[in-house]
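Everything on this sheet refers to the single structure shown next.
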Amino acid sequence: MNSIFTLGLVVGLSVQDTTLGTTVGNLGWEEVAFPRPVFAGDTLRSTTEVVAARASASRPQQGIVTFLHRGFNQRDEEICRCRRVALMLRKQP
């Protein structure tokens, strides 16, 4: 499979559980890697971990969050990983 499709799928699987309706914008992608290939017929799953979060200095209603996204195939082999930095809406008191 095309690696950009794989990256989009791995990150996209996380949206429903992590960022739906709260992402203001993606600020960057770091350490993108594809340690194993993906083939037609593979079954993929993904995990997402928040590895850093801080309030925005210039936008008090928003914050900067760093996510670690990882994708795995049906044999639990890592097929994709990346860090994504995003501007997110903050929970209001």
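Laboratory data are not the source of any read-out in this text; all were calculated from the coordinates shown. All values derive from a computational prediction rather than experimental measurement. Reconstructed Cβ throughout: ideal geometry from the backbone, glycine too, with neighbour counts over all protein chains shown.
Give me the number: length gained by fully extending residue 9 to residue 77, i.e. 0.36 nm times residue separation minus the C-alpha to C-alpha distance, one decimal in nm.
Numbers: separation 68, 0.36 × 68 = 24.48 nm, distance 1.60 nm.
Gain in length upon complete extension: 22.9 nm.
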Go ahead and collect, in residue order, the members of segment 50-93 whose backbone nitrogen is under 12 Å from a label point 7 Å along the Cα-Cβ direction of residue 36.
-> 71-80
Derived scalar couplings ³J(HN,Hα) [segment 50-58; Karplus, 6.51 cos²θ - 1.76 cosθ + 1.60; whole Hz; x for Gly, Pro] | 7, 9, 6, 7, 8, 6, 6, 5, 9
Considering only DSSP beta bridges where both residues belong to the chain, give the percentage that are antiparallel (nearest 5).
-> 100
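Just add up the charged neighbours of residue 25: K/R +1, D/E -1, any other residue whose Cβ is under 13 Å from the Cβ of residue 25. Intermediate results must be reported in sequence, preceding the final value.
Values: positive: 59, 84; negative: none.
Around residue 25, the surrounding residues sum to +2.
Which whole-number percentage describes the relative contact order of the chain, with Cα contacts under 8 Å and a sequence gap of 6 or more?
Working: 177 pairs, mean separation 32.9, N = 93.
Once divided by the residue count of the chain, the mean separation gives 35 percent.
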Take the chain, connect every pair of alpha-carbon atoms lying under 10 Å apart with a spring to form a Gaussian network, then pick out the residue of 70, 83, 36 with the largest mean-square fluctuation.
-> 36
Binned at 5 Å from zero, the C-alpha pair distances of the chain give percents of 3, 14, 24, 23, 14, 11, 7, 3, 2, 0
